[in-house]
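Trainee: Submitted below is the structure of interest, expressed as structure tokens.
The values are calculated or read from the model by the stated rules, or taken from the named source; none is laboratory data. Just so it is clear, the model here is predicted, and its values are computed rather than measured. Neighbour counts run over all protein chains shown; Cβ positions are idealised from the backbone, glycine included. Ligands, DNA and RNA are stripped out before the accessible areas are found, and what is left, the full protein with its side chains, is counted by its heavy atoms. Shrake-Rupley method; radii C 1.70, N 1.55, O 1.52, S 1.80 Å.
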Amino acid sequence: MSKKTRSKKMKLGKKLKQARRMPLLASVRTHRRLQSNRFARHWRRQKLDIGE
């Protein structure tokens, strides 16, 4: 079984937070200037490129 290092765990957590969907209120407040999250990804289709 593999063990994650603290740095790798921090990177995974950061990427997980970045991939969250954009709040509806954010697009409303910016008059739709922000339309989608540019960090959005699907965990099955797009794999993370994180170094060891």
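Trainee: Cβ-Cβ below 8 Å, separation at least six or inter-chain, first residue in the range 35-48 and open to solvent by 100 Å² or more (accessible area, probe 1.4 Å), second of a type in the set (S, T, Y): which pairs?
Mentor: Q35/S27
Trainee: Follow-up question, since we're still on this one. Here's a check for you: in the range 19-34, which residue that is within 14 Å of the chain's Cα centre (by Cα) and surrounded by 10 or more Cβ atoms within 10 Å (Cβ to Cβ) is nearest to R6 (Cα to Cα)?
Mentor: Selected residue: A19.
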